[in-house]
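Heads up: the structure comes next, in structure tokens.
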Amino acid sequence: MVDAWTIEVPGERVLVREPAPADEAPLIRLFEECEDWFLAATGLPSAPGDVQSLWYALPEGADPDDKVLLVLERDGVVAGVVDAVRNHPEPGAVAVGLFLLAPWARGRGLGRALAETLLARAGDTPLVTATVPPGWRPGERFLERLGFTLSPEPRPTSANRRPGPREGGVRRAELRRGGGREAGV
């Protein structure tokens with residue numbers, strides 16, 4: 001289990017915690033607010049099933065016990081969500097499946113503060129992977145600024161769900177780090 005903690009962003013206090021059943025409606029609102037990302041990623045706006053799939057969607061070969069979901073709450077309002085899987089795509093690695101911030105929460109340093117906190121909490125994790133829709137420049141720039149290396153060509157998604165009608169794959173991003181194994185994300 002992951003404990004709740006706060007991260008400091010200039011002028012804001014943000015709570016990071018595991019989601020609760022009462023978060024379903026706020027997460028649906030978050031996904032609706034993030035229509036720009038959903039259109040870039042799948043070609044469709046989000047639907048309630050997208051929130052429900054957060055709890056069970058896993059990349060092929062991943063262990064359900066290694067799944068981590070985190071909600072970002074700013075001033076009591078859900079501002080983002082992170083979906084990650086420990087020990088994937090290899091033992092000791094962490095695969096970030098979704099790192100989504102509401103449009104009103106972007107560009108404030110919140111994403112970077114959260115990512116740096118999660119990377120610190122991951123300890124000596126040797127590999128962190130993420131994906132970004134091809135051409136989604138905000139996500140590509142974000143990952144590059146954190147030190148990730150982006151694949152030049154999109155690859156098919158490995159999620160266990162039916163792809164959207166204009167979903168053409170994702171760009172994989174990797175952050176190789178030194179060290180052993182402590183996946184505390």
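Out of every Cα-Cα pair that segment 1-99 contains, those further apart than 24 angstrom amount to 26 percent.
Once you list every other residue whose beta carbon is under 15 Å from the beta carbon of Arg13, what net charge do they have if Lys and Arg are +1 and Asp and Glu are -1?
Details: positive: Arg17, Arg74, Arg108; negative: Glu8, Glu12, Glu73, Asp75.
Net local charge, Arg13 excluded: -1.
Counting only protein heavy atoms and a 1.4 Å probe, tell me what percentage of the chain's accessible area is made up of carbon and sulfur. Could the numbers behind the result be given before it?
Numbers: 4890 of 9420 Å².
Answer for the chain: carbon and sulfur cover 52 percent of the accessible area.
For Thr6 and Glu174, calculate 0.36 nm times their separation in residues minus their Cα-Cα distance, and state this gained length in nm to one decimal.
Extra length from Thr6 to Glu174 when fully extended: 57.9 nm.
If you take every DSSP beta bridge whose two residues both sit in the chain, what share of them, in percent to the nearest 5, is antiparallel? Before the final figure, lay out each step's value.
On the way: 34 of 36 bridges.
In the chain, DSSP labels about 95 percent of beta bridges as antiparallel.
Comparing Ala95, Ala113, Ala22 in a Gaussian network model of the chain, where Cα atoms under 10 Å apart are tied by springs, the biggest mean-square fluctuation is seen for Ala22.
A simple rule links phi to the HN-Hα coupling: the Karplus curve 6.51 cos²θ - 1.76 cosθ + 1.60 with θ = phi - 60°, which for segment 40-49 gives 5, 7, 10, x, 10, x, 6, 9, x, x Hz, with x for Gly and Pro.
Between Ala20 and Leu127, what is 0.36 nm times their sequence separation minus the Cα-Cα distance? Round to one decimal in nm. Numbers along the way, then the final one.
Values: separation 107, 0.36 × 107 = 38.52 nm, distance 2.87 nm.
Separation in residues times 0.36 nm, less the Cα-Cα distance, equals 35.7 nm.
Solvent exposure of the chain amounts to 51 Å² per residue of accessible area, where only protein heavy atoms count and the probe is 1.4 Å. Kirkwood analysis of the Cα pair distances in the chain returns a hydrodynamic radius of 16.6 Å.
The values are calculated or read from the model by the stated rules, or taken from the named source; none is laboratory data. Because the structure is a prediction, the values reported are computed rather than measured. Neighbour counts are summed over all protein chains in view; Cβ atoms, including those assigned to glycine, are modelled from backbone coordinates with ideal geometry. For accessibility, only protein heavy atoms count, side chains too; no ligands or nucleic acids. Shrake-Rupley method; radii C 1.70, N 1.55, O 1.52, S 1.80 Å.
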